[in-house]
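Notes follow the structure.
The values are calculated or read from the model by the stated rules, or taken from the named source; none is laboratory data. Computed from a prediction, not measured in an experiment: that's the story for all the values here. When we count neighbours, we look across all protein chains shown, and the Cβ atoms used for this are built from the backbone with ideal geometry, even at glycine. For the accessible areas, the whole protein counts, side chains as well, though only heavy atoms, and no ligand, DNA or RNA atoms are used. Shrake-Rupley method; radii C 1.70, N 1.55, O 1.52, S 1.80 Å.
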Amino acid sequence: MRNLLFLFLLLSFSAYSQEKYTISGYVKSATGGEELIGATVSVPDLATGVSTNVYGYYALTLPAGTYKIRYSYLGYTDVIKEVNLKEDIQLSIELNETVNELETVEITSEGANKNVESVEMSVNKIDSKTIKKIPALLGEADVVKSVLLLPGVSTVGEGSTGFNVRGGGIDQNLVLLDEAPVYNSSHLFGFFSVFNPDAVKNVSLVKGGIAPQYGGRLSSILDIRMKEGNKKEFHGSGGVGVIFSRLSLEGPIKKDKASFLIAGRRSYADVMAKPFLSSDLSGSKFYFYDLTAKVNWSMNEKNRFYLSGYFGRDIFGAGFLFNWGNATTTARWNHIFNDRLFMNLTGYYSDYDYSFGVDGDSEDDFEWSSSVVSYSLKPDFSYYLNNKNTLKFGGQSIYYDFKPAEAKFASDGRTNDISQPEKFAIENGLYIQNEQKVGARIKLLYGLRWSHFSYLGEGEKQVYNDTVPGIRKTLVSSEKYDQYESIASYNNFEPRLSINYSLTEVSSLKASYNRMSQYLHLISNTVASTPVDLWLPTTNNLKPQIADQIAVGYFRNFSNNAFEASAEVFVKDFQNQVDYIDNADIFFNDELEGDLLSGDGRAYGLELFIKKNKGALTGWVSYTLSRSERKVNGINKDDWYPTRFDRLHNLSVVSAYQLNDKWGFSANFVYSTGTPATFPTNRYEIQGIVVPHNYDQSRNNYRIPAYHRLDISATLTPRKNKDRRWQGEWVFSVYNVYSRRNPYSIFFEQDENDPNMTNAIRYSVIGSFVPAVSYNFNF
């Protein structure tokens, strides 16, 4: 590692021709004191500059002299400071939001061209204001549903949990809430996400060119940052909708020093339905809730502390009780060692669990629960070597505790324990990267991540026989291991490289390569993920998943930066992808690994994106042309077949129009090719009973019809009363305007009247338009 660090310093070294000094600090919002992520700090006369990190911190090194420093951020008014740099200076700046959003706002080239000038590619960012403008089901703004409108992102259908990115499975996305992983990001079986938009500050989706500081998943990083809380004055916001209400409170604990944020939501369909339920359903429960909280303390200019947490739960039951939920806690410490060395130390706890039971008694009963818990410590360092090199290095250690099943059932007074043993693992990683400017046109980001994974005892090492691919394997031996003893371990080196070549001031070419390793597996043989799917670690039988991705893109801004556009192509190669034998048994199976298969995957595609940032009409259009395929011995005659989430075409059109200071309108239209499904090719009839059959054993041999939908909304904001802090708005929305019955799946059944006929049944989750009215407020 020392030799590697020396190599990075050698590559990054730049000789000083004269004495240089560093100006550093934070860029914040003047309204509430929130740090601004990705704000631009530039020196126009030198055509140089830097961006703030995810904590709003910047460091800019310049030769001694007098400079005009420009601070800019999209949607905020620029600030220009004249600085006589003759020593290291700490300078934090507050920017004011643009007052009139209806007027054409002048956006400086330094801020508006960031998508062209930055070395990062395959990255999309959405702020909370944009999320709240997008029409959504029942008028409720949703983070994950907004992400589905971006290029390269898809889902298998309405009401499905998670999302797919560039041909990857839903488990191959690392979803982070203030750096803590969230294992299930959905409420109500996928109709809503667990993230309260009132508590969200910034959402960033990284699909390619993934920097070495990230690891653990193959396809994407969804990095969700919570608000810090208003440091200047008390503020509240919330909303009352058709299905749930929400309330968010924030304010200073000590002005400009410490603040808090607390936000909660609760659905009330159960309360509204209770008067209409029959007596035998009077005890039914169907609701969800979540609570998000955060405090932060700026101890001094060199030390800041953050503590945030999330707790959410879904409850569903009528004669049975089914509940699931996430809990996370994140503690972070920002420390500035000097003007060039910045550290963030993160510790987190994350727990996802679910349980299922029936209303019984001591004679007849059933209870089942499962969970995955992780604990992590993660130090990250940023060293601002000079204006041409920013060095980042750090590491992470994660300890996992998997409980596949704790289950008991009672029958005729006899209790049987069918629990499965816990599994334990530890994952470690180290990384180093450098972002470097080479001349006036080239920017590089290069680095290396090393990851190590150990499957630990107390546990059992199972060995299975080799058999014909596609047939259940037989357990031939097992060996016990003591607590913390390594049962199986793996090492992987993950190189990363991104390059930006500037063509003009408003256009550039970018390319990237990254290798990713994933040591966790989501075990599910259903059409879409469900809350009861299993998370399992890599073992001696389950190998680590690996993906290599190459992406190339062209980026261009138009019309004085009113429009930004990009075109990207990507190719991904997957190894050790999990699939299942026919009729695999994934629950309460002590020999589950004998039912699992491993194979290769590939994905490739084209992504087009154009976005309008200025004026009364804003929005974007995204189009993706892609393929996602698997090849697993024992399936589909050992040939390539499309994944269940493969969609050839995927189009999204998102628009928002601000008519005046009272009325705003939004609409989005989506179209995607139908997903693959496995249908029988012929049938047998035995004593009047029809048995479907697939004669060539093909997998995903048909496609269900295409998916398309139009949503609209109108927002009425009454004129403000200057004497009152209370400000409200009404949101009127219609989801699925033309009542499209989009098929979620198609299944077959024998006709009751004609046994010689088999009917294809289309199952649609939402088959009609869904109007809604909601009221949002702030004070």
Have a look at 761, 745, 777 and report the one farthest towards the positive end of the charge dipole of segment 637-779, computed about the Cα centre with Cβ charges (Lys/Arg +1, Asp/Glu -1).
777
Would you mind computing, in nm to one decimal, how far apart the modelled labels at residue 367 and residue 284 are, each placed 7 Å from Cα along Cα→Cβ?
2.6 nm
Burial order of peptide ranges 205-214, 301-310, 75-84 (average beta-carbon count within 10 Å, highest first)
205-214, 301-310, 75-84
Accessible surface of residue 120 in the full protein assembly, 1.4 angstrom probe, to the nearest 10 Å²?
80 Å²
How far apart, in nanometres, would the label points at residue 89 and residue 19 be if each is projected 7 angstrom from Cα along the Cα-to-Cβ direction?
1.6 nm
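In square nanometres, what is the average projected area of the Cα convex hull of segment 19-99? List each step's numbers first, then the result.
Details: hull surface 19.6 nm².
Approximately 4.9 nm², given one-decimal rounding.
Report the charge-dipole magnitude of segment 647-762 in Debye, nearest 20, computed about the Cα centre from +1 at each Lys and Arg Cβ and -1 at each Asp and Glu Cβ.
On the way: 14 positive and 10 negative charges, 203 e Å.
For this selection, approximately 980 debye.
Full extension from residue 660 to residue 442: what is 0.36 nm times the residue separation minus their Cα-Cα distance, to one decimal in nm?
Working: separation 218, 0.36 × 218 = 78.48 nm, distance 4.33 nm.
Gain in length upon complete extension: 74.2 nm.
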Eligible aspartates and glutamates near residue 388 by straight Cα distance, threshold 19 Å, same-chain separation 8 or greater:
19, 45, 88, 110, 117, 120, 339, 435, 505
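Provide the FRET efficiency to the nearest 0.05 for the residue 748-residue 82 pair, computing r from the beta carbons and using R0 = 51 Å.
Working: r = 75 Å, r/R0 = 1.47.
It comes out at approximately 0.10.
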For segment 259-408, place one equal point scatterer on every Cα, skip the solvent, and apply the Debye formula. What is log10 of I(q)/I(0) at q = 0.11 Å⁻¹?
-0.66
Roughly how many whole Å is it from the C-alpha centroid of segment 209-250 to that of segment 110-189?
12 Å
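Taking segment 680-748, which chymotrypsin sites (Phe, Trp or Tyr not before Pro) meet the DSSP loop condition and have no more than 13 other C-beta atoms within 10 Å?
Numbers: sites: 684, 695, 702, 707, 726, 730, 732, 735, 738, 744, 747, 748; in loops: 695, 726, 738, 744.
Within segment 680-748, the qualifying chymotrypsin sites (Phe, Trp or Tyr not before Pro) (loop, at most 13 other Cβ atoms within 10 Å) are 695, 726, 738.
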Flagged as over-length at 29 Å C-alpha distance, from 20/231; 145/285; 20/614, the pairs are 20/231; 20/614
Rounded, prolate or oblate: which fits the chain when a ≥ b ≥ c are the square roots of the eigenvalues of the alpha-carbon gyration tensor, with rounded for a/c under 1.5 and prolate only if a/b beats b/c?
prolate
Which distance in nm do the two modelled labels at residue 513 and residue 684 give, with both placed 7 Å along the Cα-to-Cβ direction?
5.2 nm
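R0 = 41 Å: FRET efficiency of residue 345 with residue 46, Cβ-based, nearest 0.05? Could you put the intermediate results ahead of the total?
Values: r = 34 Å, r/R0 = 0.82.
Efficiency at R0 = 41 Å is approximately 0.75.
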Just subtract the alpha-carbon distance of residue 617 and residue 757 from 0.36 nm times their residue separation and send over the number in nm, one decimal.
45.1 nm
Counting residues in segment 458-607 as N, plug N into 2.2 N^0.38 Å and put the Cα Rg over that result.
1.46
Projected onto the charge dipole of the chain (unit charges on the beta-carbon of Lys, Arg, Asp and Glu, signs +1, +1, -1, -1), the Cα from 292, 373, 455 with the largest positive-side position is that of 292
Can you list the HN-Hα couplings for segment 562-567, worked out from phi with the Karplus curve (6.51, -1.76, 1.60; θ = phi - 60°), rounded to whole Hz and with x for Gly and Pro?
5, 10, 10, 9, 8, 9
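Are any of the pairs 480/572; 254/443; 129/294 more than 31 Å apart by Cα-Cα distance, and if so, which?
On the way: 480/572 38 Å; 254/443 42 Å; 129/294 20 Å.
Checking Cα-Cα distances, 480/572; 254/443 exceed 31 Å.
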Using the alpha-carbon atoms, what tilt in degrees (0 to 90, nearest 10) does helix 2-12 show relative to the longest principal axis of the chain?
50 degrees
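Which shape class, rounded, prolate or oblate, goes with segment 175-264 when its Cα gyration tensor gives a ≥ b ≥ c as root eigenvalues, a/c under 1.5 marks rounded, and past that a/b bigger than b/c marks prolate?
oblate
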What is the packing order of peptides 758-765, 557-564, taking the mean over residues of other C-beta atoms within 10 Å and listing the highest first?
557-564, 758-765
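Calculate the FRET efficiency for residue 266 and residue 415 from the Cβ-Cβ distance with a Förster distance of 30 Å, rounded to the nearest 0.05. Mind dumping the intermediate values first?
Working: r = 36 Å, r/R0 = 1.19.
For R0 = 30 Å, the calculated efficiency reads 0.25.
Once you have a ≥ b ≥ c as the square roots of the Cα gyration tensor eigenvalues for segment 486-554, tell me rounded if a/c is under 1.5, and otherwise prolate or oblate according to whether a/b is larger than b/c. All intermediate terms of the calculation are to be shown ahead of the outcome.
Details: a/c = 5.02, a/b = 1.97, b/c = 2.55.
Oblate, since a/c reaches 1.5 and b/c is not below a/b.
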By accessible area (1.4 Å), largest first, 40, 681 order as 681, 40
Dipole of the chain, Cα-centred, from +1 at each Lys and Arg C-beta and -1 at each Asp and Glu C-beta, to the nearest 20 debye?
3260 debye
Residues of type aspartates and glutamates that residue 631 reaches as a straight line, Cα spacing below 12 Å, ignoring anything fewer than 8 places off in the same chain
573, 579, 600, 639
Less than 19 Å apart at the alpha-carbon level, and either on another chain or at least 8 residues along: which aspartates and glutamates does that give for residue 257?
34, 35, 94, 228, 233, 301
